[in-house]
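The values are calculated or read from the model by the stated rules, or taken from the named source; none is laboratory data. Being a predicted model, the structure only gives us computed values, none of them experimental. Cβ coordinates were reconstructed from backbone atoms using ideal geometry, including for glycine residues, and neighbour counts include every protein chain displayed. Please note that ligands, DNA and RNA were not included when accessible areas were found on the heavy atoms of the full protein model with its side chains. Shrake-Rupley method; radii C 1.70, N 1.55, O 1.52, S 1.80 Å.
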Amino acid sequence: MDDYIEQLEATGNFRVIKRLKPVSQYSKDSETKKNIGIFLDTETTGLNSDSDKIIELAMLPFEFDTDGRIYRILPEYNELNDPGIPIPELITQITGITDEMVKGHSINLDKVKSLLSDAVIVIAHNASFDRPFCEILSDEFKNIHWGCSMHDINWKEEGIEGKKLEYIAYRNGFFFEGHRATIDCQAGIEILSRPL
């Protein structure tokens, strides 16, 4: 299959985009000191952190060094959360998350606290959206550094005109089914693993 892809792309008339296949290891282990980062994503009932609620939280820890090289992905945390209000139909259409799916589920704040205690940074794609929701969820999110893969990287300078996660993935040669928290985190880490 890869031979056919190379032949197609070598013509200059085709570009093959592959489905994201999440991996657990990016770089071989070394003696370099490693830090823990967390790529985070939320799905919510809407855009307003004052009135809307989290319906899904994913936290995907990863090891990285001071040069930004990502080594391996650690066990993820993903939880649905009953917002206590009906999920708007538009949100269900976007995420596929229904009232029945979240009924009786809640985010384990002890697990969240434990993951954050090992991390030096939380990264989200559009942290200005996710961060207020998370800080309402737990004060632990107020006491950690945040990074934003949407705004902290000059994508235009990298030759990528759009900032949506799906578009950046496409420009990096892969696609994924977005708007579920864990796969969005996996795509974000895949993008960050690529050299700029």
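The mean sequence separation of alpha-carbon pairs under 8 Å and at least six residues apart, normalised by the residue count of segment 17-104, gives a relative contact order of 26 percent.
The phi-based Karplus calculation (6.51 cos²θ - 1.76 cosθ + 1.60; θ = phi - 60°) puts the 3J(HN,Hα) values of segment 46-55 at x, 9, 9, 5, 6, 10, 8, 10, 6, 10 Hz, whole numbers, x for Gly and Pro. Rolling a 1.4 Å probe over the protein heavy atoms leaves L196 with an accessible area of roughly 130 Å².
The Rg/Rh ratio for segment 26-100 is 1.17, where Rg is the radius of gyration of the alpha carbons and Rh is the Kirkwood radius. Net length available on complete extension from N143 to I85 is 18.0 nm, with 0.36 nm assigned per residue and the Cα-Cα distance removed.
Across all Cα atoms of segment 92-133, the radius of gyration (one decimal) and Dmax (whole number) stand at 13.6, 35 Å. Just checking the listed ones, D52, D29, D41: in the Gaussian network model of the chain with Cα springs under 10 Å, the one fluctuating most is D29. For a paramagnetic label modelled on H105 (point 7 Å from Cα along Cα→Cβ), amide N atoms under 17 Å away belong, within segment 140-180, to 178-180.
Of Q93, Q25, Q186, the residue with the greatest mean-square motion in the GNM of the chain, using alpha carbon springs below 10 Å, is Q93.
Ranking E76, E177 from most to least accessible surface, computed with a 1.4 Å probe over the protein chains only, gives E177, E76. Springs between Cα atoms under 10 Å define the GNM used for the chain, and in it the highest mean-square fluctuation of M150, M59, M101 occurs at M101. Across segment 1-154, Cα pairs under 8 Å and at least six residues apart give a relative contact order of 20 percent. Annotation: amide H of N126 within the under-5 Å range of S149, M150, H151, sequence separation 5 or more or interchain, hydrogens built in the peptide plane. Between amide H atoms placed 1.01 Å from N, distances below 5 Å from R180 occur with no residue 5 or more places distant or on a separate chain.
Here the contact order of segment 77-138, divided by its residue count and restricted to Cα pairs under 8 Å and six or more residues apart, works out to 33 percent.
Inverting the pair-averaged 1/r between distinct Cα atoms of the chain gives 17.9 Å as its Kirkwood hydrodynamic radius. Here R69 sits with roughly 110 square angstrom of accessible surface, probe radius 1.4 Å.
Centroid-to-centroid, using Cα positions, segment 117-196 and segment 6-27 are 21 Å apart.
Rg and Dmax of segment 100-196, based on Cα coordinates, read 14.9, 46 Å.
Taking label positions 7 Å along the Cα-Cβ direction at both T32 and I136, the computed distance is 3.9 nm, reported to one decimal.
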